[in-house]
1. Among B:His25, B:Ala545, B:Gly407, pick out the residue whose Cα is farthest towards the positive end of the charge dipole of the range B:25-545, where Lys and Arg carry +1 and Asp and Glu carry -1 on C-beta, about the Cα centre.
2. Dipole magnitude of the range A:364-450 about its Cα centre, charges +1 at Lys/Arg Cβ and -1 at Asp/Glu Cβ only, in debye to the nearest 20?
3. Going through the range A:412-479, which trypsin sites (Lys or Arg not before Pro) have at most 11 other Cβ atoms within 10 Å and a DSSP loop state?
4. Name the helices (complete DSSP H segments) of chain B with a Cα length along the long axis of 15 Å or more and a Kyte-Doolittle mean of at least 1.0, or state none.
5. Using alpha carbons only, how many angstrom separate the centre of the range A:42-89 from the centre of the range B:441-485?
6. At most 13 other Cβ atoms within 10 Å and a DSSP loop assignment: could you name the trypsin sites (Lys or Arg not before Pro) in the range B:80-160 that fit?
7. When you count, for each residue, the other Cβ atoms within 10 Å and take the mean per peptide, how do A:84-91, A:382-389 rank with the highest first?
8. Which value results when the Cα radius of gyration for chain A is divided by 2.2 N^0.38 Å?
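Just so you know, all these numbers are worked out from the coordinates, no wet-lab data involved. Quick caveat: nothing in here was measured; it's all calculated off a predicted structure. Glycine also receives a Cβ, built like all others from the backbone with ideal geometry; neighbour counts cover every protein chain displayed.
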Amino acid sequence: MENLIGLLVAVPLFGAALLLCGGRRLDGKGPYIGTVLAAASFGIGAVLFADMLGRGEHDRALHSTVFSWIPVGGFRADVAFQLDQLSMTFVLLITGVGTLIHIYSIGYMAHDERRRRFFGYLNLFLAAMLLLVLADNYLLLYVGWEGVGLASYLLIGFWQHKPSAATAAKKAFIVNRVGDVGLSIAIMLMFTTFGSFAFAPVLAEADRAGEGKLTAIGLMLLLAACGKSAQVPLQSWLGDAMEGPTPVSALIHAATMVTAGVYLITRSGAIFNAAPDAQTAVVTVGAVTLLFGAIVGCAKDDIKKALAGSTMSQIGYMILAAGLGPIGYVFAIMHLVTHGFFKAGLFLGAGSVMHSMNDEVDMRKYGGLRRYMPITFVTFGLGYLAIIGFPGLSGFWSKDKIIEAAFAKGGTEGWILGGAALLGAAITAYYMTRVMLLTFFGEKRWVPDENGNEPHPHESPGSMTFPMIVLAFGSVLAGGLFSLNDAFVKWLEPVTGHSHGHSPLSAAAVTGGTVVVLVIGVALAWAQYGRQPVPRTAPRGSLLTRAARRDLLQDDFNHVVLVQPGQYLTRGLVYVDHKLVDGVVNGTAASVGGLSGRLRKLQNGYARTYAVSMFGGTAVLIAATLLMRAV
Amino acid sequence: MTHAATVHSLWTTAAAAPDKIPSPHIEYGQLSPTLIVIGAAIVGVLIEAGLPRRRRYAAQLFLSVVALAAAFAAVVGLAVGDYGTGKAHVAAMGAIAVDGPSLFLQGTILLVALVAVFTFAERRLDPVVHGNRVDSFAAQAAAVPGGEAEKAAVKAGFTTTEVFPLVLFAVGGMLVFPSANDLLTLFVALEVFSLPLYVLCALARRHRMLSQESAVKYFLLGAFSSAFLLFGIALLYGYAGTVGYAGIADVVDGQVRNVTPALAGTMGNDALLLIGGAMVLMGLLFKIGAVPFHMWTPDVYQGAPTPVTGFMAAATKVAAFGALLRLLYVVLPGLRWDWRPVMWGVAIVTMLGGAIVAVTQTDVKRLLAYSSIAHAGFILAGVIATTPDGISSVLFYLAAYSFVTLGAFAVVTLVRDAGGEATHLSKWAGLGRRSPLVAAVFAVFLLAFAGIPLTSGFAGKFAVFKAAADGGAGALVVVGVISSAIAAFFYIRVIVLMFFSEPRTDGPSVAVPSALTSSAIAIGVAVTLVLGVAPQYFLDLASQAGVFVR
């Protein structure tokens, strides 16, 4: 069984190599090859899952060392995998949703000339993401971490002929570098503190290290998580990343890669448990981001950007839960999985809508689509109900638990976090209802595209609707199944640990509260977008709306605080380099050259001059020797 | 030491009691490398006298190669027979030391000479003249350049096959030079190898005036320096009452055995020692081309036929450094607090002077000449270490450097235009595009000169600088590294010129050499890379050989 773990990574990696190096001969078959290999990876995951279920609760983890990667003295890095319940959950999510999105892409990318390459990148992403969650040490995890970053960069910029896509890819890559530096520093700190960076020794000995060190490691890990998971203050890249093809947004920028930060924090739970200050930072980031994303989501007219804001916000929930410690780890992962289903479904639905509306993304130019695209409407609608936490659907179960856990943190902190989570739930209901109403209800506000083609909305082909239907089932059922008998808690508890906090509110009160804010949010949206006609061009809006449209001024903030000082610094350094460093270097070179030019004049070709030089030299030699003796 | 005393008594007691002269005892076996080479040289002269012209080339080439190979085999035999270490002693009545450094340097000189003979014998580079293949040497050396006699000689297809016995004589002198164990042997050896070199320098087929000018300059300045050397020897004799190395060393150390009555007034006079020592030193520094005794180098390197330049630059340096080492380590170790600071100064001006003046050179042969001056400075840094590591690092550096030099000058013979070798650097622009292999090989040699890792130049430079630093000459190493940096500039500049410049339309062509020059270059590259990649065996060898006998 252990050997299958390596195969899990190797299969999509092989697919990536085959598709990227295979050349034009594979152009036609490429999408199918990529999809089959993704499905094969899912199959292997399923076999491993079945095998794991067959073993007792505490010996479910598998371990497999493939080879020793960097053995240098006391420094030892292995390519070794660890498959426990937490990794298993991710493996199934990644390969499952991944396979569905491969299938969807067959239809979505059918007319793209470079689709072989696209599927190669998707396979590369799967391999890197699986490596990330299967690694048994932080260094190998880092390899996967960078791998998904690379895949994300390549896929965001897949339509690189569009300058906006190329810029967005670059932006995502650069912002992520900031986070990656955090991860690399965290790994170095681990090595100096624990002498290792394998999970087992580091996490087992975490509480023995000093709290200061652990806080530093924790904050660096948080920085890494912020980059990868688009959390404040490194959130700015996610909205722009929507320039990538929609299946990419669904897989990488909604369901899987952006949740890597949550995985990192959950996996490193032992470190955070022993570093309360770092945990406080984590919950702060989570709470701020869940509100930030939700507010941005309210103001966006671009359907994908609205969903991107929502993703940010939902991951904020997960980070918040992970920051709560053992009260929240399980729910963070549970929300991660249910979110994987419904958010992927929503994105695929958005893609389906765009596909039939000549790639129009402005929701103000949709309207009334429910009659033309019934399957999309129903699956999107189920995803919508799930994300706003409609009682009984997936999102309800997982989000409700997080809100409960936030209150259970206790004290003022608990009230603040719980309040923020509850407020976030209300805003979520508002902006998702807005998306729903603008897209599927109301009047047709369609406009011809720039070539003058009138949109003719139609249902998408089977390859696209099939994944949407499967994901809709997940959106509806997953949460309930997980909560049945506390199945998910029991499944993950051996890895992450679990404790019940002391909530000042009863579970029923929290649930009641969530339902109430849900209704308020939906009602507000209905009042604004359901009862009155929607203009094709957005009204000017309040100051907050205008700020939210500009992503709450994140780019302006970055520009003033980071980019400009950075530019001044580089200009200064360039000036110093030109004037000072080059001056010294060139000055030295010039003086050597000048000296050389003068000295060579001594070499005038006359034997008599040479003889004088020898005579003088000998005289100096003798004089110096005598002088040495005299001294 | 006892032998030295015997030689000395030979001179001083001869007049009084002629019947007591002992018959000299000569260890023929241990002197066999020198004897073979000198013997072959004499046979070579006989060949010139007896054989018809058209047969001489093949006979001379055969004779030289066999003699040099046999002499090398003899050196190896002696080394295997433990004469380098355990059985090392002073032979030939105290005149010749047979020890590790002698054998190592003799072996190096013989191999260098063997490879050099290949380049001497090359007959495919110059265009065919009147149906005859010719080499780099004048048709008839005695003919006036451009005169009727010369034209007739060229037309008749004459070649100067005398170069082979000349080289053998020079090699014979060089073999004795580093193993000479008394000052007179040293002087005789110096003249034996210098005179053939003066003649060889004058023998270029092209640019004969330049060649002859260089020979005359070399001869004049060489004679000038020989005079200093000889005068220094006289002063040292006056100081010590002997010319034997061990005897002088004893007097320096204050252990005077037998005071010669005739010299009682001067013996032990330190002024004689210091002035005489400095003058002998100057004679050797002239041969190695140290600043300020270097000025002949660029002119002679440029004017001499390029194969001769390569031989001279490699072999002379090996022999002269060997002699310098023996002088400083055997004769004057007791005086090192006096000569070390002076040699510091010489090393510094040599390293910096060579490197700095090379920067503005435009002729590749002159560039290599200045480069050889800078390298002499680097080797001096190892000499100044005055430790066993210093000796072995210098031995290693000499072996490494001589093959790089030979190879580099051999490449220079290939790049030609209508006027013969195209030595002006501007003509080398873009050579890498036209003849990638030749340019790449030259680049390897340049990188070795610059001391880039994985070439022998790096291993050698590292060894001497390490020895110097360990020997308390850290400041010298700093200057050495700075000079290396300056030197790297002009080496790399040539590489840039060859590979990153547009080729000139009137650029030179690269001649396709025969197997002779090809193998010389190949051996150069091979030694450069082997000593660079796996130097340890040879460093160990040099380290074993690094003990002088007294």
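1. The one lying farthest along the dipole's positive direction is B:Gly407.
2. Dipole of the range A:364-450, to the nearest 20 debye: 280 debye.
3. The qualifying sites: there are none.
4. B:32-50, B:53-80, B:100-120, B:163-176, B:183-201, B:208-240, B:270-288, B:364-384, B:388-414, B:436-450, B:474-500, B:515-533
5. Each part reduced to its Cα centre gives a spacing of 52 Å.
6. B:Lys87
7. By packing density, highest mean first, the sequence is A:382-389, A:84-91.
8. That ratio works out to 1.17.
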